[in-house]
1. If I ask for residues that are of a type outside the set (Val, Ile, Thr), within 22 Å of residue 70 (Cα to Cα) and in contact with a Leu (Cβ under 9 Å, 6 or more places away or on another chain), which ones from the stretch 13-49 would you list?
2. Considering only residues of the stretch 52-66 that are surrounded by 18 or more Cβ atoms within 10 Å (Cβ to Cβ) and among the small types (Gly, Ala, Ser), which is nearest to the chain's Cα centre (by Cα)?
3. Which of the residues spanning the stretch 119-134 are open to solvent by 50 Å² or more (accessible area, probe 1.4 Å) and hydrophobic (A, V, I, L, M, F, W, C)?
4. Can you confirm whether the stretch 101-120 contains a residue that is under 27 Å from residue 4 (Cα atoms), touching a Ser or Thr at 6+ places or on another chain (Cβ under 9 Å) and touching a residue at least 40 places away in the same chain (Cβ under 8 Å)?
5. Having 2 or more residues that are in contact (Cβ under 8 Å) with a residue 40 or more places away in the chain, among the small types (Gly, Ala, Ser) and out of contact with any helix residue (DSSP H, G or I) (no Cβ under 9 Å at 6 or more places or on another chain) is the bar; report the strands (runs of 3 or more DSSP E) wholly within the stretch 1-68 that clear it.
Amino acid sequence: MEHNSYIARKRARFTGIGGIPVNIPYGTVLEAREGFILFKGRPVCTVISQNACEHFCQNDDGCGRERGTLVAAIITCLERRDESYQARWDKVWGDPLCQKYRRPEHGDFWLWSYDFFNAPVVNLYHIARMIGAQAQ
């Protein structure tokens, strides 16, 4: 599915397309066209790039800010190396919904797919509750 609207889920500072420095504030609404995320009419990255996943969430449904908060909370929770680290990952590996958002080409470790970063918020809430992530 091609999305038309994105929002910066955190400040986006990186080198964009054509070597142009990008500095987009949190909460900025961006347009997407022909596979590129645009800021002030200029392409900054492709919609499936690592920069897009790290900094932007689709906002076609008006839930981009909430989606970004949930994505960040899930990632932060899963990265936390405490006594429950493995238990959280075991839940993720065993959950059919999470499997839908896993990149299948990596059989022995987990990478979130493009679809995870653009998932419906109800699905992200499910994952967050399952692992105990605190969305703020």
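1. Once the filter is applied, which keeps residues that are of a type outside the set (Val, Ile, Thr), within 22 Å of residue 70 (Cα to Cα) and in contact with a Leu (Cβ under 9 Å, 6 or more places away or on another chain), the stretch 13-49 yields 30, 31, 32.
2. Looking at residues that are surrounded by 18 or more Cβ atoms within 10 Å (Cβ to Cβ) and among the small types (Gly, Ala, Ser), I get 52.
3. Selection gives 122 alone.
4. no
5. Fully inside the stretch 1-68 and qualifying: nothing.
The values are calculated or read from the model by the stated rules, or taken from the named source; none is laboratory data. Keep in mind that what you see is a predicted model, and the values were worked out from it rather than measured. Cβ sites come from the backbone with ideal geometry, for glycine too, and all protein chains shown count toward neighbours. The area values use the complete protein model at the heavy-atom level, side chains included, leaving out ligands, DNA and RNA. Shrake-Rupley method; radii C 1.70, N 1.55, O 1.52, S 1.80 Å.
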